[in-house]
Amino acid sequence: TTNPHTWSSFDVALDAFTNYASRYAGLGFVFAKDDGMVGIDLDDCLDADGNMKPWARGVVERFSDTYIEISPNAD
């Protein structure tokens, strides 16, 4: 979401997830303009076997000293 009025703190989100886990697939993170953080999203970077596609390898290697995750598919 891009509406800051719908955001909450981690503690509030964790409490909601803990108490109503059947309603949610997990917790998310929103990058805000002034938070000083940057994210890179490599859509469709894994093949059918879960291996990284060649075009994504350089990006992942370049940022290997940062936090990296394979996020759940939103399909």
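The values are calculated or read from the model by the stated rules, or taken from the named source; none is laboratory data. What you see is a predicted model; the values in this text were computed from it and never measured. Heads up, the Cβs are rebuilt from the backbone with ideal geometry, glycines too, and the neighbour counts pull from every protein chain shown. We work out accessible area using only protein heavy atoms, side chains counted, and drop any ligands, DNA or RNA first. Shrake-Rupley method; radii C 1.70, N 1.55, O 1.52, S 1.80 Å.
Observations on the structure shown:
- Number of positions in region 14-37 that are modelled with pLDDT under 90, open to solvent by 100 Å² or more (accessible area, probe 1.4 Å) and within 17 Å of Glu69 (Cα to Cα): 3
- Candidates Gly50, Gly58: the one that is out of contact with any Cys (no Cβ under 6 Å at 6 or more places or on another chain) and either within 21 Å of Thr1 (Cα to Cα) or in a loop (DSSP other than H, G, I, E, B) (or both) is Gly50.
- Here Ala48 does not qualify as touching a residue at least 12 places away in the same chain (Cβ under 8 Å) and among the small types (Gly, Ala, Ser).
- Enumeration of residues in region 61-73 that are within 25 Å of Thr6 (Cα to Cα) and either open to solvent by less than 100 Å² (accessible area, probe 1.4 Å) or more than 11 Å from the chain's Cα centre (by Cα) (or both): Ser71
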